[in-house]
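Notes follow once the structure below has been shown.
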Amino acid sequence: MKSSTLTGQVLRHMYKAGAARLAQHAQQVDALNVFPVPDGDTGTNMNLTFTSGVAELEKSAEQTAEKVASVFSRGLLMGARGNSGVILSQLFRGIAKGLTGLVEADARQVADAFQQGVDMAYKAVMKPVEGTILTVAREAAAAARKAARGTVEEVVEALVAAGQRALDNTPNQLPVLKEVGVVDSGGQGLVYIYEGFLQALNEGITFEKRDVDNKPQAPSGAAIFGETHEEMHHVINPADIVYGYCTEFMVHLREMDGFRMEAFRDRISQYGDSLLVVADDDLIKVHIHAEEPGDVLSFAHKYGPLDRIKIENMRLQHEAVLRRQEVKQVTASSVFPDVVPPLDFVVEPEVARERYGIIAVASGAGIAEIFRSLGVGTIIEGGQTMNPSTEQFVQAIEASGASNVIILPNNKNIVMAAKQAAELVDIPVAVIPAVSVPQGMSAMLAFAPEAELAHNEAGMIEAVSLVKTGLVTYAVRDTKLDEIDIKEGDFIGIQDGEIVVAGVDMYEVATNLVTHMVEGDDELITVLYGSDPTEAKLDAWEKHIRETYSSYEVEMHEGGQPLYAFIIAVE
(Lines give C-alpha, C1' and ligand atoms only; values in the text may rest on other atoms or scores of the structure.)
Protein backbone atom coordinates (compact mmCIF):
# COMPACT_ATOMS: atom_id res chain seq x y z
CA MET A 1 0.00 0.00 0.00
CA LYS A 2 1.29 3.43 -0.98
CA SER A 3 -0.86 6.07 0.65
CA SER A 4 -0.50 9.76 1.29
CA THR A 5 -2.93 9.60 4.24
CA LEU A 6 -3.65 7.39 7.21
CA THR A 7 -7.34 6.59 7.70
CA GLY A 8 -8.97 5.41 10.89
CA GLN A 9 -9.56 1.97 9.37
CA VAL A 10 -5.89 1.57 8.47
CA LEU A 11 -4.81 2.77 11.90
CA ARG A 12 -7.17 0.27 13.53
CA HIS A 13 -5.56 -2.56 11.58
CA MET A 14 -2.06 -1.32 12.34
CA TYR A 15 -2.80 -1.46 16.06
CA LYS A 16 -4.18 -4.99 15.75
CA ALA A 17 -1.23 -6.16 13.66
CA GLY A 18 1.22 -4.63 16.14
CA ALA A 19 -0.53 -6.43 18.98
CA ALA A 20 -0.41 -9.72 17.07
CA ARG A 21 3.32 -9.45 16.39
CA LEU A 22 4.08 -8.53 19.99
CA ALA A 23 1.99 -11.43 21.28
CA GLN A 24 3.90 -13.83 19.05
CA HIS A 25 7.18 -12.69 20.58
CA ALA A 26 6.21 -11.83 24.17
CA GLN A 27 8.11 -14.82 25.54
CA GLN A 28 11.29 -13.77 23.72
CA VAL A 29 10.96 -10.27 25.19
CA ASP A 30 10.52 -11.78 28.67
CA ALA A 31 13.75 -13.73 28.16
CA LEU A 32 15.74 -10.51 27.69
CA ASN A 33 15.48 -9.66 31.39
CA VAL A 34 18.91 -8.54 32.59
CA PHE A 35 18.76 -10.25 35.97
CA PRO A 36 18.56 -14.06 35.69
CA VAL A 37 15.62 -14.17 38.11
CA PRO A 38 12.21 -15.76 37.45
CA ASP A 39 10.43 -12.43 37.01
CA GLY A 40 11.31 -11.37 33.48
CA ASP A 41 7.87 -10.07 32.60
CA THR A 42 8.44 -7.10 30.28
CA GLY A 43 6.99 -8.96 27.31
CA THR A 44 4.05 -10.18 29.33
CA ASN A 45 3.28 -6.69 30.63
CA MET A 46 3.58 -5.06 27.21
CA ASN A 47 1.47 -7.81 25.64
CA LEU A 48 -1.31 -7.51 28.22
CA THR A 49 -1.24 -3.73 27.94
CA PHE A 50 -1.39 -3.65 24.14
CA THR A 51 -4.02 -6.37 23.98
CA SER A 52 -6.14 -4.27 26.35
CA GLY A 53 -6.06 -1.47 23.78
CA VAL A 54 -7.15 -3.82 21.01
CA ALA A 55 -9.96 -5.18 23.17
CA GLU A 56 -11.23 -1.61 23.66
CA LEU A 57 -11.12 -1.07 19.89
CA GLU A 58 -13.19 -4.22 19.33
CA LYS A 59 -15.98 -2.65 21.36
CA SER A 60 -15.91 0.56 19.32
CA ALA A 61 -17.19 1.41 15.84
CA GLU A 62 -15.20 4.66 15.56
CA GLN A 63 -13.76 5.29 12.10
CA THR A 64 -11.72 8.51 12.18
CA ALA A 65 -8.01 8.53 12.93
CA GLU A 66 -8.63 10.77 15.94
CA LYS A 67 -11.29 8.54 17.52
CA VAL A 68 -9.54 5.23 16.79
CA ALA A 69 -6.34 6.51 18.40
CA SER A 70 -8.28 7.88 21.37
CA VAL A 71 -10.19 4.65 22.03
CA PHE A 72 -7.01 2.59 21.72
CA SER A 73 -5.13 4.95 24.05
CA ARG A 74 -7.86 4.63 26.68
CA GLY A 75 -7.64 0.86 26.52
CA LEU A 76 -3.88 0.97 27.03
CA LEU A 77 -4.20 3.42 29.87
CA MET A 78 -6.58 1.25 31.87
CA GLY A 79 -4.81 -1.99 31.04
CA ALA A 80 -1.25 -0.76 31.63
CA ARG A 81 0.84 -3.22 33.65
CA GLY A 82 4.36 -2.70 34.91
CA ASN A 83 6.72 0.11 34.01
CA SER A 84 6.98 -1.03 30.40
CA GLY A 85 3.19 -1.08 30.06
CA VAL A 86 2.78 2.36 31.59
CA ILE A 87 5.46 3.84 29.32
CA LEU A 88 3.79 2.17 26.35
CA SER A 89 0.42 3.61 27.34
CA GLN A 90 1.91 7.09 27.61
CA LEU A 91 3.61 6.77 24.24
CA PHE A 92 0.33 5.97 22.52
CA ARG A 93 -1.52 8.55 24.58
CA GLY A 94 0.77 11.14 23.05
CA ILE A 95 0.22 9.68 19.58
CA ALA A 96 -3.53 10.03 20.12
CA LYS A 97 -3.04 13.65 21.18
CA GLY A 98 -1.09 14.25 17.97
CA LEU A 99 -4.00 12.96 15.89
CA THR A 100 -6.61 15.12 17.65
CA GLY A 101 -9.12 16.64 15.25
CA LEU A 102 -8.01 14.55 12.25
CA VAL A 103 -10.31 12.36 10.18
CA GLU A 104 -7.24 11.24 8.23
CA ALA A 105 -3.58 12.08 8.79
CA ASP A 106 -0.93 12.80 6.17
CA ALA A 107 2.66 11.61 6.47
CA ARG A 108 3.81 14.74 8.28
CA GLN A 109 0.97 14.54 10.80
CA VAL A 110 1.68 10.85 11.43
CA ALA A 111 5.36 11.54 12.04
CA ASP A 112 4.55 14.46 14.33
CA ALA A 113 2.13 12.27 16.29
CA PHE A 114 4.87 9.73 16.99
CA GLN A 115 7.06 12.59 18.22
CA GLN A 116 4.29 13.74 20.56
CA GLY A 117 4.13 10.21 21.85
CA VAL A 118 7.83 10.30 22.65
CA ASP A 119 7.48 13.64 24.42
CA MET A 120 4.67 12.33 26.61
CA ALA A 121 6.49 9.07 27.40
CA TYR A 122 9.58 10.96 28.55
CA LYS A 123 7.46 13.18 30.78
CA ALA A 124 5.98 10.10 32.45
CA VAL A 125 9.41 8.94 33.66
CA MET A 126 10.96 10.91 36.51
CA LYS A 127 14.56 10.01 35.57
CA PRO A 128 14.68 8.82 31.95
CA VAL A 129 17.48 6.37 31.18
CA GLU A 130 18.98 6.09 27.72
CA GLY A 131 19.39 2.64 26.23
CA THR A 132 15.79 1.74 27.00
CA ILE A 133 12.41 1.74 25.24
CA LEU A 134 12.47 5.54 25.50
CA THR A 135 15.61 5.75 23.37
CA VAL A 136 14.21 3.38 20.77
CA ALA A 137 10.96 5.38 20.57
CA ARG A 138 12.81 8.72 20.35
CA GLU A 139 15.23 7.75 17.59
CA ALA A 140 12.50 5.99 15.63
CA ALA A 141 10.29 9.09 15.77
CA ALA A 142 13.17 11.33 14.70
CA ALA A 143 13.75 9.19 11.62
CA ALA A 144 10.02 9.16 10.87
CA ARG A 145 9.95 12.96 10.80
CA LYS A 146 12.85 13.02 8.33
CA ALA A 147 10.83 10.73 6.05
CA ALA A 148 7.64 12.79 6.38
CA ARG A 149 7.85 14.21 2.84
CA GLY A 150 7.01 10.76 1.49
CA THR A 151 4.08 8.40 2.03
CA VAL A 152 2.69 7.10 5.30
CA GLU A 153 4.29 3.74 4.48
CA GLU A 154 7.70 5.40 4.08
CA VAL A 155 7.26 7.07 7.47
CA VAL A 156 6.58 3.71 9.12
CA GLU A 157 9.45 2.08 7.21
CA ALA A 158 11.78 4.73 8.65
CA LEU A 159 10.23 4.18 12.08
CA VAL A 160 11.03 0.45 11.97
CA ALA A 161 14.53 0.78 10.54
CA ALA A 162 15.62 3.48 13.00
CA GLY A 163 13.98 1.65 15.89
CA GLN A 164 15.97 -1.49 15.09
CA ARG A 165 19.22 0.49 14.84
CA ALA A 166 18.52 2.14 18.20
CA LEU A 167 17.70 -1.23 19.73
CA ASP A 168 20.94 -2.75 18.47
CA ASN A 169 22.81 0.13 20.09
CA THR A 170 21.23 -0.19 23.55
CA PRO A 171 24.06 -2.42 24.89
CA ASN A 172 26.48 0.41 24.12
CA GLN A 173 24.38 2.79 26.21
CA LEU A 174 23.69 0.54 29.19
CA PRO A 175 26.79 -1.41 30.30
CA VAL A 176 24.69 -4.00 32.12
CA LEU A 177 23.08 -4.98 28.80
CA LYS A 178 26.48 -5.49 27.19
CA GLU A 179 27.70 -7.45 30.20
CA VAL A 180 24.80 -9.88 29.96
CA GLY A 181 24.75 -9.89 26.15
CA VAL A 182 21.18 -8.72 25.47
CA VAL A 183 19.36 -5.73 24.01
CA ASP A 184 16.80 -3.77 26.02
CA SER A 185 13.65 -5.81 26.50
CA GLY A 186 11.19 -2.89 26.35
CA GLY A 187 12.86 -1.55 23.23
CA GLN A 188 12.62 -4.97 21.60
CA GLY A 189 8.91 -5.13 22.40
CA LEU A 190 8.37 -1.73 20.80
CA VAL A 191 10.24 -2.76 17.64
CA TYR A 192 7.97 -5.79 17.35
CA ILE A 193 4.96 -3.49 17.55
CA TYR A 194 6.32 -1.17 14.89
CA GLU A 195 7.12 -4.15 12.66
CA GLY A 196 3.49 -5.17 12.99
CA PHE A 197 2.46 -1.69 11.85
CA LEU A 198 4.60 -1.99 8.73
CA GLN A 199 3.35 -5.50 8.06
CA ALA A 200 -0.22 -4.24 8.09
CA LEU A 201 0.60 -1.52 5.58
CA ASN A 202 2.52 -3.82 3.26
CA GLU A 203 -0.03 -6.61 3.23
CA GLY A 204 -2.86 -4.36 2.13
CA ILE A 205 -5.47 -6.41 4.02
CA THR A 206 -9.09 -5.22 3.86
CA PHE A 207 -9.93 -3.57 7.15
CA GLU A 208 -13.69 -4.08 7.20
CA LYS A 209 -13.22 -7.76 7.99
CA ARG A 210 -13.19 -8.23 11.77
CA ASP A 211 -12.94 -11.92 12.44
CA VAL A 212 -10.81 -14.17 14.62
CA ASP A 213 -7.94 -14.15 12.13
CA ASN A 214 -7.47 -10.42 12.63
CA LYS A 215 -7.36 -10.60 16.41
CA PRO A 216 -4.02 -10.75 18.23
CA GLN A 217 -3.06 -14.33 18.97
CA ALA A 218 -0.69 -15.77 21.52
CA PRO A 219 1.89 -18.26 20.26
CA SER A 220 1.36 -22.01 19.90
CA GLY A 221 -2.30 -22.15 19.07
CA ALA A 222 -3.76 -19.91 21.73
CA ALA A 223 -6.79 -19.26 19.51
CA ILE A 224 -8.62 -21.90 21.50
CA PHE A 225 -8.49 -19.60 24.50
CA GLY A 226 -10.42 -16.72 22.96
CA GLU A 227 -13.38 -16.61 25.32
CA THR A 228 -13.31 -14.35 28.38
CA HIS A 229 -14.66 -15.33 31.76
CA GLU A 230 -17.32 -13.11 33.32
CA GLU A 231 -18.71 -13.21 36.85
CA MET A 232 -22.31 -12.36 37.80
CA HIS A 233 -21.53 -10.27 40.85
CA HIS A 234 -25.11 -9.20 41.49
CA VAL A 235 -26.21 -12.73 42.46
CA ILE A 236 -23.25 -13.58 44.67
CA ASN A 237 -23.37 -13.57 48.44
CA PRO A 238 -19.90 -12.49 49.58
CA ALA A 239 -20.06 -14.98 52.43
CA ASP A 240 -20.37 -17.73 49.82
CA ILE A 241 -17.17 -16.75 47.99
CA VAL A 242 -14.80 -19.34 49.40
CA TYR A 243 -12.12 -18.67 46.78
CA GLY A 244 -12.02 -14.95 46.16
CA TYR A 245 -9.67 -14.46 43.20
CA CYS A 246 -10.60 -15.30 39.63
CA THR A 247 -7.20 -16.31 38.26
CA GLU A 248 -6.28 -16.95 34.63
CA PHE A 249 -2.93 -17.56 33.01
CA MET A 250 -1.05 -19.55 30.39
CA VAL A 251 1.92 -21.89 30.89
CA HIS A 252 4.47 -22.45 28.14
CA LEU A 253 5.64 -25.97 28.95
CA ARG A 254 9.40 -26.39 29.21
CA GLU A 255 9.20 -30.13 28.53
CA MET A 256 6.44 -32.13 26.88
CA ASP A 257 7.95 -35.52 27.62
CA GLY A 258 6.59 -36.90 30.85
CA PHE A 259 3.95 -34.21 31.26
CA ARG A 260 0.60 -35.67 32.32
CA MET A 261 -2.40 -33.40 32.00
CA GLU A 262 -4.45 -35.41 34.48
CA ALA A 263 -1.82 -35.17 37.20
CA PHE A 264 -1.36 -31.43 36.56
CA ARG A 265 -5.12 -30.84 36.77
CA ASP A 266 -5.48 -32.91 39.94
CA ARG A 267 -2.68 -31.09 41.75
CA ILE A 268 -3.72 -27.59 40.75
CA SER A 269 -7.36 -28.33 41.68
CA GLN A 270 -6.29 -28.40 45.34
CA TYR A 271 -5.84 -24.62 45.25
CA GLY A 272 -9.46 -23.72 44.46
CA ASP A 273 -12.57 -24.43 42.41
CA SER A 274 -14.22 -23.50 39.07
CA LEU A 275 -11.19 -25.05 37.44
CA LEU A 276 -10.70 -25.08 33.67
CA VAL A 277 -7.50 -26.46 32.17
CA VAL A 278 -7.09 -26.58 28.38
CA ALA A 279 -3.97 -27.60 26.47
CA ASP A 280 -2.75 -27.12 22.92
CA ASP A 281 0.69 -28.36 21.90
CA ASP A 282 3.12 -26.88 24.45
CA LEU A 283 0.70 -24.31 25.87
CA ILE A 284 -1.68 -24.69 28.82
CA LYS A 285 -4.49 -22.28 29.69
CA VAL A 286 -5.68 -22.32 33.31
CA HIS A 287 -8.72 -20.70 34.86
CA ILE A 288 -9.33 -21.19 38.58
CA HIS A 289 -10.98 -19.47 41.53
CA ALA A 290 -8.33 -19.47 44.25
CA GLU A 291 -7.89 -17.90 47.66
CA GLU A 292 -4.09 -17.67 47.28
CA PRO A 293 -3.39 -17.04 43.58
CA GLY A 294 0.30 -16.56 44.32
CA ASP A 295 0.52 -20.18 45.39
CA VAL A 296 -1.21 -21.27 42.18
CA LEU A 297 1.23 -19.30 40.04
CA SER A 298 4.22 -20.56 42.01
CA PHE A 299 3.09 -24.14 41.42
CA ALA A 300 2.39 -23.62 37.72
CA HIS A 301 5.70 -21.83 37.17
CA LYS A 302 7.52 -25.10 37.88
CA TYR A 303 6.25 -26.37 34.52
CA GLY A 304 7.31 -23.37 32.45
CA PRO A 305 7.13 -19.59 31.95
CA LEU A 306 3.80 -17.93 32.69
CA ASP A 307 1.94 -15.68 30.29
CA ARG A 308 -1.29 -13.60 30.15
CA ILE A 309 -1.77 -13.56 33.90
CA LYS A 310 -5.06 -12.03 35.03
CA ILE A 311 -6.23 -11.91 38.64
CA GLU A 312 -9.53 -10.34 39.69
CA ASN A 313 -10.69 -9.87 43.26
CA MET A 314 -14.30 -11.09 43.09
CA ARG A 315 -15.13 -9.89 46.60
CA LEU A 316 -13.91 -6.38 45.74
CA GLN A 317 -15.87 -6.37 42.50
CA HIS A 318 -18.98 -7.59 44.29
CA GLU A 319 -18.70 -4.91 46.99
CA ALA A 320 -18.29 -2.18 44.37
CA VAL A 321 -21.40 -3.37 42.51
CA LEU A 322 -23.45 -3.50 45.71
CA ARG A 323 -22.26 -0.03 46.72
CA ARG A 324 -23.39 1.42 43.40
CA GLN A 325 -26.71 -0.40 43.60
CA GLU A 326 -27.38 0.85 47.13
CA VAL A 327 -26.80 4.45 46.08
CA LYS A 328 -29.11 4.10 43.09
CA GLN A 329 -31.88 2.46 45.13
CA VAL A 330 -32.11 5.19 47.75
CA THR A 331 -34.56 7.72 46.31
CA ALA A 332 -36.96 10.28 47.65
CA SER A 333 -39.55 7.53 47.99
CA SER A 334 -37.41 5.93 50.71
CA VAL A 335 -37.93 9.07 52.76
CA PHE A 336 -41.58 9.63 51.77
CA PRO A 337 -42.84 6.16 50.72
CA ASP A 338 -46.14 7.45 49.33
CA VAL A 339 -44.55 10.00 47.04
CA VAL A 340 -43.23 9.00 43.62
CA PRO A 341 -40.40 11.36 42.68
CA PRO A 342 -40.03 12.77 39.18
CA LEU A 343 -37.68 10.80 36.92
CA ASP A 344 -34.96 13.45 37.08
CA PHE A 345 -34.99 13.69 40.85
CA VAL A 346 -33.01 11.16 42.87
CA VAL A 347 -31.94 11.70 46.46
CA GLU A 348 -28.55 10.13 47.10
CA PRO A 349 -27.69 9.45 50.73
CA GLU A 350 -24.86 10.98 52.64
CA VAL A 351 -22.45 8.07 52.90
CA ALA A 352 -20.12 8.07 55.86
CA ARG A 353 -16.61 7.85 54.44
CA GLU A 354 -13.58 6.43 56.17
CA ARG A 355 -10.78 8.94 56.64
CA TYR A 356 -8.21 6.63 55.04
CA GLY A 357 -8.22 3.68 52.70
CA ILE A 358 -4.88 1.92 52.39
CA ILE A 359 -4.12 -0.36 49.46
CA ALA A 360 -1.09 -2.65 49.37
CA VAL A 361 0.17 -5.00 46.68
CA ALA A 362 1.28 -8.33 48.12
CA SER A 363 1.67 -11.99 47.25
CA GLY A 364 1.54 -14.73 49.87
CA ALA A 365 -0.99 -15.39 52.62
CA GLY A 366 1.40 -14.56 55.44
CA ILE A 367 2.51 -11.27 53.92
CA ALA A 368 -1.09 -10.27 53.23
CA GLU A 369 -2.05 -11.02 56.83
CA ILE A 370 0.84 -8.94 58.17
CA PHE A 371 -0.24 -5.98 56.07
CA ARG A 372 -3.82 -6.35 57.30
CA SER A 373 -2.62 -6.45 60.90
CA LEU A 374 -0.77 -3.17 60.26
CA GLY A 375 -3.95 -1.46 59.06
CA VAL A 376 -4.10 -2.13 55.31
CA GLY A 377 -7.71 -2.40 54.18
CA THR A 378 -7.29 -3.69 50.60
CA ILE A 379 -4.77 -6.22 49.34
CA ILE A 380 -4.21 -6.44 45.59
CA GLU A 381 -2.65 -9.78 44.79
CA GLY A 382 0.50 -9.13 42.82
CA GLY A 383 4.23 -8.57 42.74
CA GLN A 384 6.87 -10.17 40.57
CA THR A 385 5.35 -11.66 37.38
CA MET A 386 1.95 -10.33 38.56
CA ASN A 387 1.88 -6.59 38.00
CA PRO A 388 -1.59 -5.10 38.66
CA SER A 389 -3.02 -2.86 35.97
CA THR A 390 -3.93 0.80 36.29
CA GLU A 391 -7.58 -0.21 36.13
CA GLN A 392 -7.21 -2.57 39.11
CA PHE A 393 -5.86 0.30 41.19
CA VAL A 394 -8.67 2.60 40.04
CA GLN A 395 -11.27 0.00 41.01
CA ALA A 396 -9.67 -0.51 44.42
CA ILE A 397 -9.50 3.24 45.06
CA GLU A 398 -13.14 3.76 44.11
CA ALA A 399 -14.30 0.76 46.13
CA SER A 400 -12.49 1.94 49.26
CA GLY A 401 -15.14 4.55 50.06
CA ALA A 402 -12.44 6.60 51.79
CA SER A 403 -11.76 10.34 51.78
CA ASN A 404 -8.01 9.75 51.29
CA VAL A 405 -6.19 6.77 49.84
CA ILE A 406 -2.62 5.59 50.32
CA ILE A 407 -1.10 3.02 47.95
CA LEU A 408 1.89 0.81 48.75
CA PRO A 409 3.06 -0.76 45.43
CA ASN A 410 5.83 -2.78 47.12
CA ASN A 411 7.53 -3.43 43.78
CA LYS A 412 9.48 -1.06 41.54
CA ASN A 413 7.60 -2.29 38.47
CA ILE A 414 4.22 -1.34 39.93
CA VAL A 415 4.84 2.23 41.12
CA MET A 416 4.09 3.87 37.76
CA ALA A 417 0.74 2.07 37.31
CA ALA A 418 -0.27 3.15 40.82
CA LYS A 419 0.67 6.77 40.10
CA GLN A 420 -1.22 6.69 36.83
CA ALA A 421 -4.33 5.44 38.66
CA ALA A 422 -3.99 8.25 41.20
CA GLU A 423 -4.31 10.77 38.36
CA LEU A 424 -7.55 9.23 37.12
CA VAL A 425 -9.64 9.49 40.29
CA ASP A 426 -11.29 12.42 42.04
CA ILE A 427 -10.07 11.80 45.60
CA PRO A 428 -6.63 12.54 47.06
CA VAL A 429 -4.24 9.61 46.62
CA ALA A 430 -0.67 9.32 47.88
CA VAL A 431 1.52 6.66 46.24
CA ILE A 432 4.33 5.74 48.62
CA PRO A 433 7.37 4.67 46.55
CA ALA A 434 7.86 1.40 48.42
CA VAL A 435 9.58 -1.00 46.04
CA SER A 436 9.67 -4.02 48.34
CA VAL A 437 7.48 -5.71 50.91
CA PRO A 438 9.76 -4.70 53.84
CA GLN A 439 9.63 -1.07 52.72
CA GLY A 440 5.83 -1.22 52.60
CA MET A 441 5.69 -2.67 56.09
CA SER A 442 8.08 -0.01 57.40
CA ALA A 443 5.87 2.66 55.83
CA MET A 444 2.79 1.26 57.59
CA LEU A 445 4.53 1.48 60.95
CA ALA A 446 4.93 5.22 60.31
CA PHE A 447 1.27 5.71 59.38
CA ALA A 448 -0.75 7.97 61.71
CA PRO A 449 -4.54 7.56 61.28
CA GLU A 450 -5.38 11.04 62.61
CA ALA A 451 -2.71 12.92 60.65
CA GLU A 452 -3.26 14.83 57.40
CA LEU A 453 -2.45 13.06 54.14
CA ALA A 454 0.59 15.23 53.39
CA HIS A 455 2.03 14.50 56.83
CA ASN A 456 1.52 10.78 56.42
CA GLU A 457 3.00 10.80 52.95
CA ALA A 458 6.18 12.52 54.15
CA GLY A 459 6.56 10.26 57.18
CA MET A 460 5.95 7.06 55.24
CA ILE A 461 8.38 8.03 52.49
CA GLU A 462 11.03 8.69 55.13
CA ALA A 463 10.36 5.30 56.72
CA VAL A 464 10.81 3.60 53.33
CA SER A 465 14.30 5.03 53.04
CA LEU A 466 15.44 3.52 56.34
CA VAL A 467 15.01 -0.17 55.53
CA LYS A 468 17.31 -2.45 53.50
CA THR A 469 15.75 -5.29 51.51
CA GLY A 470 17.27 -8.66 50.67
CA LEU A 471 15.79 -11.33 48.42
CA VAL A 472 16.78 -14.95 47.86
CA THR A 473 15.58 -16.54 44.64
CA TYR A 474 16.93 -18.83 41.92
CA ALA A 475 18.62 -18.16 38.58
CA VAL A 476 16.78 -19.09 35.40
CA ARG A 477 19.89 -18.97 33.19
CA ASP A 478 23.67 -18.77 33.28
CA THR A 479 25.11 -15.28 33.55
CA LYS A 480 27.89 -13.20 35.03
CA LEU A 481 27.21 -9.94 36.84
CA ASP A 482 29.74 -7.83 38.71
CA GLU A 483 32.26 -10.69 38.64
CA ILE A 484 29.71 -13.10 40.19
CA ASP A 485 29.42 -16.29 38.13
CA ILE A 486 25.87 -17.60 38.21
CA LYS A 487 24.67 -20.92 36.85
CA GLU A 488 21.09 -21.81 35.99
CA GLY A 489 19.45 -23.22 39.10
CA ASP A 490 21.81 -21.45 41.52
CA PHE A 491 20.36 -19.46 44.37
CA ILE A 492 21.11 -15.75 44.30
CA GLY A 493 21.00 -13.09 47.00
CA ILE A 494 19.86 -9.61 45.97
CA GLN A 495 20.23 -6.51 48.15
CA ASP A 496 18.23 -3.47 47.11
CA GLY A 497 18.23 -4.50 43.46
CA GLU A 498 21.85 -5.66 43.22
CA ILE A 499 23.00 -9.29 43.12
CA VAL A 500 25.63 -9.64 45.85
CA VAL A 501 25.97 -13.40 46.38
CA ALA A 502 25.23 -16.68 44.60
CA GLY A 503 25.59 -20.38 45.35
CA VAL A 504 24.04 -23.83 45.17
CA ASP A 505 22.77 -23.92 48.77
CA MET A 506 19.74 -21.76 49.57
CA TYR A 507 20.53 -21.39 53.27
CA GLU A 508 24.18 -20.58 52.69
CA VAL A 509 23.19 -17.87 50.22
CA ALA A 510 20.66 -16.50 52.72
CA THR A 511 23.30 -16.46 55.47
CA ASN A 512 25.82 -14.64 53.28
CA LEU A 513 23.14 -12.17 52.23
CA VAL A 514 22.32 -11.30 55.86
CA THR A 515 26.04 -10.85 56.54
CA HIS A 516 26.30 -8.50 53.58
CA MET A 517 23.29 -6.46 54.71
CA VAL A 518 23.90 -6.04 58.45
CA GLU A 519 25.87 -3.03 59.63
CA GLY A 520 26.94 -1.88 63.09
CA ASP A 521 24.10 0.56 63.75
CA ASP A 522 21.33 -1.84 62.69
CA GLU A 523 18.98 -3.25 65.30
CA LEU A 524 16.35 -5.44 63.65
CA ILE A 525 16.47 -8.38 61.22
CA THR A 526 13.13 -9.55 59.83
CA VAL A 527 12.82 -12.67 57.68
CA LEU A 528 9.76 -13.65 55.63
CA TYR A 529 10.10 -17.20 54.31
CA GLY A 530 8.24 -18.60 51.34
CA SER A 531 6.98 -22.08 50.59
CA ASP A 532 10.35 -23.57 49.56
CA PRO A 533 12.20 -24.07 52.88
CA THR A 534 11.68 -27.41 54.65
CA GLU A 535 10.75 -27.11 58.32
CA ALA A 536 13.77 -28.90 59.78
CA LYS A 537 16.33 -27.00 57.74
CA LEU A 538 14.49 -23.73 58.34
CA ASP A 539 14.56 -24.27 62.12
CA ALA A 540 18.29 -24.97 62.02
CA TRP A 541 18.94 -21.89 59.88
CA GLU A 542 16.83 -19.68 62.19
CA LYS A 543 18.78 -20.94 65.21
CA HIS A 544 22.05 -20.13 63.46
CA ILE A 545 20.92 -16.59 62.58
CA ARG A 546 19.69 -15.91 66.13
CA GLU A 547 22.97 -17.15 67.63
CA THR A 548 25.13 -15.28 65.13
CA TYR A 549 23.23 -12.04 65.63
CA SER A 550 22.36 -12.40 69.30
CA SER A 551 22.67 -8.67 69.92
CA TYR A 552 20.02 -7.97 67.26
CA GLU A 553 16.29 -8.44 67.42
CA VAL A 554 15.42 -11.22 64.96
CA GLU A 555 11.86 -11.85 63.74
CA MET A 556 10.79 -14.80 61.57
CA HIS A 557 7.41 -14.92 59.79
CA GLU A 558 5.84 -17.23 57.26
CA GLY A 559 5.24 -15.05 54.21
CA GLY A 560 4.11 -17.74 51.80
CA GLN A 561 5.40 -15.69 48.86
CA PRO A 562 6.11 -17.38 45.50
CA LEU A 563 9.47 -17.23 43.68
CA TYR A 564 11.42 -15.87 46.67
CA ALA A 565 12.57 -18.34 49.32
CA PHE A 566 13.40 -15.47 51.68
CA ILE A 567 12.58 -11.78 51.90
CA ILE A 568 14.87 -10.15 54.44
CA ALA A 569 14.64 -6.69 55.99
CA VAL A 570 17.41 -5.05 58.00
CA GLU A 571 16.93 -1.73 59.77
- Please give the number of the condition Glu104 fails out of (1) touching a residue at least 24 places away in the same chain (Cβ under 8 Å); (2) buried (at least 23 other Cβ atoms within 10 Å of the Cβ). (2)
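Results for (1) closer than 27 Å to Met46 by Cβ; (2) surrounded by fewer than 24 Cβ atoms within 10 Å (Cβ to Cβ), shown as yes or no for each residue.
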| position | (1), (2) |
| --- | --- |
| Leu374 | no, yes |
| Thr390 | yes, no |
| Gln395 | yes, yes |
| Gly401 | no, yes |
| Ile407 | yes, no |
| Lys419 | yes, yes |
| Asp426 | no, yes |
- Item | Qualifying residue in the stretch 68-91 (condition: more than 22 Å from Leu134 (Cα to Cα), out of contact with any Ser or Thr (no Cβ under 7 Å at 6 or more places or on another chain) and either surrounded by 23 or more Cβ atoms within 10 Å (Cβ to Cβ) or aliphatic (A, V, I, L, M) (or both)) | yes
- Of the residues in the stretch 553-571 that are over 15 Å from Thr469 (Cα atoms) and of a type in the set (Asp, Glu), the one that is surrounded by the most Cβ atoms within 10 Å (Cβ to Cβ) is Glu558
- Message: Out of the residues in the stretch 490-528 meeting the condition of being more than 17 Å from Ile567 (Cβ to Cβ) and touching a Lys or Arg at 6+ places or on another chain (Cβ under 9 Å), tell me which one is surrounded by the most Cβ atoms within 10 Å (Cβ to Cβ).
- Response: Ala502
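Considering only residues that are out of contact with any Ser or Thr (no Cβ under 9 Å at 6 or more places or on another chain) and either hydroxyl-bearing (Ser, Thr, Tyr) or surrounded by fewer than 20 Cβ atoms within 10 Å (Cβ to Cβ) (or both), which ones fall in the stretch 161-177? Give the steps one after another, and end with the answer.
First pass over the stretch 161-177, keeping only residues out of contact with any Ser or Thr (no Cβ under 9 Å at 6 or more places or on another chain): 161-165, 168, 171-172, 175-176.
Within the stretch 161-177, Ala161, Gln164, Arg165, Asp168, Pro171, Asn172, Pro175, Val176 meet the criteria.
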- Task: Considering (1) under 22 Å from the mean Cα position of the chain (by Cα); (2) of a type in the set (D, E, K, R); (3) surrounded by fewer than 19 Cβ atoms within 10 Å (Cβ to Cβ), say which one Glu450 fails and leave the rest.
- Result: (1)
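Taking into account only those residues within the stretch 428-447 that are in a loop (DSSP other than H, G, I, E, B), touching a residue at least 24 places away in the same chain (Cβ under 8 Å) and of a type outside the set (Phe, Trp, Tyr), which is surrounded by the most Cβ atoms within 10 Å (Cβ to Cβ)? Walk me through how you get there before you give the answer.
Going through the stretch 428-447, the residues in a loop (DSSP other than H, G, I, E, B) turn out to be 428, 432-436, 446-447.
Then drop every residue that is not touching a residue at least 24 places away in the same chain (Cβ under 8 Å), which leaves 428, 432-436, 447.
If we keep only those that are of a type outside the set (Phe, Trp, Tyr) too, we end up with 428, 432-436.
Values: Pro428: 15, Ile432: 27, Pro433: 17, Ala434: 29, Val435: 19, Ser436: 23.
Filtering the stretch 428-447 for residues that are in a loop (DSSP other than H, G, I, E, B), touching a residue at least 24 places away in the same chain (Cβ under 8 Å) and of a type outside the set (Phe, Trp, Tyr), the one surrounded by the most Cβ atoms within 10 Å (Cβ to Cβ) comes out as Ala434.
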- Out of the stretch 457-476, which residues are touching a residue at least 40 places away in the same chain (Cβ under 8 Å) and over 23 Å from the mean Cα position of the chain (by Cα)? Glu457, Met460, Leu466, Val467, Lys468
- Only one of these conditions is not met by Thr151: (1) within 28 Å of the chain's Cα centre (by Cα); (2) polar (S, T, N, Q); (3) modelled with pLDDT of 90 or more; (4) crowded, with 20+ Cβ neighbours inside 10 Å. Which number is it? (1)
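The values are calculated or read from the model by the stated rules, or taken from the named source; none is laboratory data. Since the model is a prediction, treat every value here as computed from it, not as a measurement. Every residue, glycine as well, gets a Cβ built from its backbone with ideal geometry; the counts of neighbours run over all protein chains shown.
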